[in-house]
Amino acid sequence: MPYSYDDQNIFAKILRNEIPCNKVLETEHTLAFADIAPKAPHHVLVIPKGAYVNHDHFASQASDAEIADFTRSIGRICAQLGVNPGEGGNGYRLIANAGNDGVQEVPHFHMHILAGRNIGPMVLMRD
Ligand code: 5GP
């Protein structure tokens, strides 16, 4: 089934400057901004500027330039936050939710960067 992108999603509106955001980084292909409801002292959302619904859409259809820019932007933000273990930082967690089982709320691909405290168990365990 082809991907269907809803251009009325909240991140599409942020990209069109229809609603504000607290910008952390902007490059040719990528925008990063603070999550409106932070779950950690640092909670940054990183999104491609292209219209991709989720990670599998991005991974299969984005250009190499978009993917490289996105990945390196995440690295730059973690460096800015001072959380890269390779640079003496205390670490971070990256999360990309997708679809129903991933409990994705906003249907524009995004990576969460969570840092600034111990982020806790990877997932809640349920029977
Ligand atoms: P998801 O569940 O889709 O992986 O995460 C969506 C995230 O977007 C949530 O953490 C939520 O707090 C954040 N969010 C929802 N609406 C807005 C908004 O208008 N502005 C910002 N900055 N973040 C938002």
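The values are calculated or read from the model by the stated rules, or taken from the named source; none is laboratory data. Computed from a predicted structure; not experimentally measured. Here Cβ is always computed from backbone atoms with ideal geometry, including for glycine, and neighbour counts include all displayed protein chains.
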Segments classed as strands (runs of 3 or more DSSP E), wholly inside segment 30-118, with at least 2 members that are within 16 Å of the ligand (Cβ to nearest atom), in contact (Cβ under 8 Å) with a residue 12 or more places away in the chain and of a type in the set (Gly, Ala, Ser) = 30-34
Qualifying residues in segment 56-86 (those that are under 14 Å from the mean Cα position of the chain (by Cα) and among the hydroxyl-bearing types (Ser, Thr, Tyr)) - the one farthest from residue 44 (Cα to Cα) | 71
Of residues in segment 2-23 being near the ligand (Cβ under 10 Å from one of its atoms) and either surrounded by 18 or more Cβ atoms within 10 Å (Cβ to Cβ) or in a helix (DSSP H, G or I) (or both), the one farthest from the chain's Cα centre (by Cα) | 13
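Any residue at all in segment 91-98 that is touching a Pro at 6+ places or on another chain (Cβ under 9 Å) and either of a type in the set (A, V, I, L, M, F, W, C) or at pLDDT below 95 (or both)?
Taking segment 91-98 first, the residues touching a Pro at 6+ places or on another chain (Cβ under 9 Å) are 91-92.
Keeping just the survivors that are either of a type in the set (A, V, I, L, M, F, W, C) or at pLDDT below 95 (or both) gives none.
The answer is no, given that none of the residues of segment 91-98 is touching a Pro at 6+ places or on another chain (Cβ under 9 Å) and either of a type in the set (A, V, I, L, M, F, W, C) or at pLDDT below 95 (or both).
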Search segment 24-55 for residues being under 14 Å from the mean Cα position of the chain (by Cα) and acidic (Asp, Glu), and hand back the single one that is farthest from residue 118 (Cα to Cα).
-> 26
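Residue-wise test of (1) surrounded by fewer than 11 Cβ atoms within 10 Å (Cβ to Cβ); (2) hydroxyl-bearing (Ser, Thr, Tyr); (3) farther than 21 Å from residue 8 by Cα.
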{"position": "74", "(1), (2), (3)": "no, no, yes"}
{"position": "80", "(1), (2), (3)": "no, no, yes"}
{"position": "85", "(1), (2), (3)": "yes, no, yes"}
{"position": "107", "(1), (2), (3)": "no, no, no"}
{"position": "123", "(1), (2), (3)": "yes, no, yes"}
{"position": "127", "(1), (2), (3)": "yes, no, yes"}
